[in-house]
Amino acid sequence: MKKCIMLIALLVFFISNIYAGSLRITANPCPRSYSCMITDSMNSRAILFSGGNYRLPWGQFFNDVWSLDFNMEVWKLITPPEPLPSPRIMGSVAHDQAGNRMVLFGGGLAGYNPHCNDVWSLDLTMGSEEWTEITPSGTPPLPRGSVTPIIDPINNRLIIFGGEDGSVANNEVWSLDFNTLTWTELNPSGTLPATRFAYCAVHDQNAHRMIVFGGCDYWQPMMNDIWALDLTYGSESWQQLYPGGSQPSPRCRHFCTCDYLNNDMIIGFGYDYKGYLIYYNDVWKLDLNSLMWAQILPGGVIEGRRGSCASYNPINEQVLIFGGDQSYDRYFGDTYALSLDSLAIKEKQKSSVSISPYIKILPNPSQLPCKLNVFVPFPGNVALRVFDASGRFVNTLIKDQRNSGNYIINWDGKDNSGKKVSAGTYFINLEIDGISEIEKVVLIE
C-alpha cells in the first residue's frame, strides 16, 4: 500500500505541473472500485473507505480511510488506531450527522464469495478519527453487500434495503435503532420492489422517505424504476413513483448522492448488459419535489465506468466522483468535481478525459474472441467495421445509433458470411458522425 501511495504521489507531482486545476496533493487513493464515500459536512470534507482492485497482484481489497478537503482540494490518508474493519468491497456507509460519525455495514470480503454483516462506527472528530465495532442485539440481517443505507434522522436509525450474498438478492428492509442498538426487520405495506442490489438510495428530507433508483438482480434485466419508502415509524410503506421527463437508462453499480440544498437526487455512470457491456458516462438529477428527471450535460467527457462513488460538496455546489472500473480490465483512481452551478466538470487529478472516440484491444495480439473496448464520447450514428491488411472489408460489428459511453464488444473472428477468418493483421475502424478512428489488431491461433 505504501509503495502504491509513493508511486501515485510522484505521478501527481509531475501531472500537477501540466494540468490546470490539479489538486495540490502528496498522495491519493490507489485506483479501485466499489469504495464508499460520505459527505462530512461538519468538517467540510468527503470521507472515502475501502474498495478493491483485481489488477493488483492476487487482487487486493482495502480498508483504508481517506478525506478530501472541500476547501483545499487535498486528499489525506487518515490512520485510525486498531481495531479496524476488515478490507472489503461493496460495503455500505451512511453519515450519522447527529452522532458525528460514519456508520459501516457489511460488504464483500476477500476469498471465495464471503459476505459479512458487521457494523462499525467511525468517529469523525477531526484528528481523532477512531473505529468502534457495534454489536447490536436482535437477529441481524444475513451477510450481504451492494446496499445503499440511509439515516432516518427523525427516528434515529439506519435503514437498509435489498442487497446480495454472492448468489441471491433480496428485497428485505431492516432497521438498526441507534437508541436501543437493536436490529429489526421491517414489513412495509404496499407493493414491494423487485429483489435487487447495486441500486442507489437517498433520504428525501422534505417528505421523510427513502428514494431508491435502479439496480439489478442475477440474470435479470437492469432496472431504472423509482421507489419511495415512507419512514413513518410503525407505518412504513412502499410506493412506486413515476417521475416525468426523460428517464435514465437501466443500470446498476452507478454512483449516487443528494444535493440537499436543492433536494435533488444525483445519479450517474454505472453499466448495463445488452449482449455486450456498456459503461455509462452520463449524469442525471431527479428533483425530489417535482419528481422530474433531467439529464445534466456537463462540459468535458469522462470515460464510462461502474463502481464509482460520490459525495456532495455543499460549499462549492459540486458532486465529487472517485474511481471505478471497466470490468476487471481497467481501474480508475481519478477524482472529478461536477460543478452543478455551471454544469462543468473540473479535472481534479490526472485522468482519462477525452472528447475523441477510441478503440482499445486487450490483449493485443489477441486470440479469439477478440475483446474491443469502444469509447463513444457523444451520442451519434456509430459504425464499427473490420478490414483485413489489404483493406478488404471483413465484417460490421456495430451500425446503429448509440448513446455516449464505453461499449465492450466481442468479435468472434467471423466475416460477414459467418466464415471464421485466419490469423493475421486486421484493422478496426470506428466512425461516429464522420469522425473516424482506426486500431490495428493481430489475431493469433
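Bear in mind these aren't lab numbers, they're just calculated from the coordinates by the rules spelled out. Quick caveat, the model's predicted, so the values are computed rather than measured. FYI the Cβ positions are ideal-geometry reconstructions off the backbone, even for glycines, and counts take in every protein chain you see.
A compact table of results
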{"read-out": "Within region 358-443: Cβ-based charge dipole about Cα centre, in debye rounded to nearest 20 (Lys, Arg +1; Asp, Glu -1)", "value": "240"}
{"read-out": "Rounded if a/c under 1.5, otherwise prolate or oblate - region 107-193, Cα gyration tensor axes", "value": "oblate"}
{"read-out": "Cα centre as origin, Lys/Arg/Asp/Glu Cβ charges: the chain dipole, Debye", "value": "1500"}
{"read-out": "Under-5 Å amide H pairs with ARG45, H placed in peptide plane, nonlocal only", "value": "ASP40, PHE70"}
{"read-out": "Separation in nanometres of the label points that stand 7 Å from Cα toward Cβ, at TRP58 and LYS274", "value": "4.1"}
{"read-out": "Shape call, region 178-232: gyration tensor on alpha carbons, a/c limit 1.5", "value": "prolate"}
{"read-out": "Linear extension gain, LYS420 paired with ASN381, 0.36 nm per residue minus alpha-carbon span", "value": "11.3 nm"}
{"read-out": "Karplus (6.51, -1.76, 1.60) ³J(HN,Hα), θ = phi - 60°, over region 120-126, in Hz, Gly and Pro reported as x", "value": "10, 10, 9, 5, 9, 4, 4"}
{"read-out": "Phi-based couplings in Hz for region 331-340 (Karplus 6.51, -1.76, 1.60; Gly and Pro marked x)", "value": "10, 10, x, 8, 10, 10, 10, 9, 7, 6"}
{"read-out": "Shape category assigned to region 194-300 from the gyration tensor of Cα positions, a/c cut at 1.5", "value": "oblate"}
{"read-out": "Burial ranking of peptide ranges 287-295, 308-316, 237-245 (average Cβ count within 10 Å, highest at the top)", "value": "308-316, 287-295, 237-245"}
{"read-out": "Relative contact order for the chain, counting Cα pairs under 8 Å that sit 6 or more residues apart, in percent", "value": "10"}
{"read-out": "Cut-off under 5 Å, modelled amide H: who pairs with ASP118 long-range", "value": "GLY106"}
{"read-out": "Efficiency of FRET between GLN367 and GLU437 - r from beta-carbon atoms, R0 30 angstrom, step 0.05", "value": "0.80"}
{"read-out": "Backbone HN-Hα couplings from phi across region 407-420 [Karplus 6.51/-1.76/1.60, Hz, Gly and Pro as x]", "value": "10, 9, 10, 9, 8, 7, x, 9, 8, 6, 9, x, 8, 5"}
{"read-out": "Among LYS420, LYS399, LYS285: highest mean-square fluctuation, GNM of the chain, C-alpha pairs under 10 Å", "value": "LYS420"}
{"read-out": "Those residues of region 174-199 whose amide nitrogen sits under 15 Å from the label point placed on THR139, 7 Å along Cα→Cβ", "value": "174-175, 183-187"}
{"read-out": "Gain in span if fully extended, ASP412 to MET72, counting 0.36 nm per residue against the direct Cα distance", "value": "117.4 nm"}
{"read-out": "Candidates GLY99, GLY108, GLY323, ranked by Gaussian network fluctuation over the chain, Cα under 10 Å, top entry", "value": "GLY99"}
{"read-out": "Simple Cβ-charge dipole of region 120-232, Lys/Arg +1 and Asp/Glu -1, about Cα centre, in debye nearest 20", "value": "240"}
{"read-out": "Residues with amide H under 5 Å from that of ILE226, placed H, sequence gap 5 or more", "value": "LEU241"}
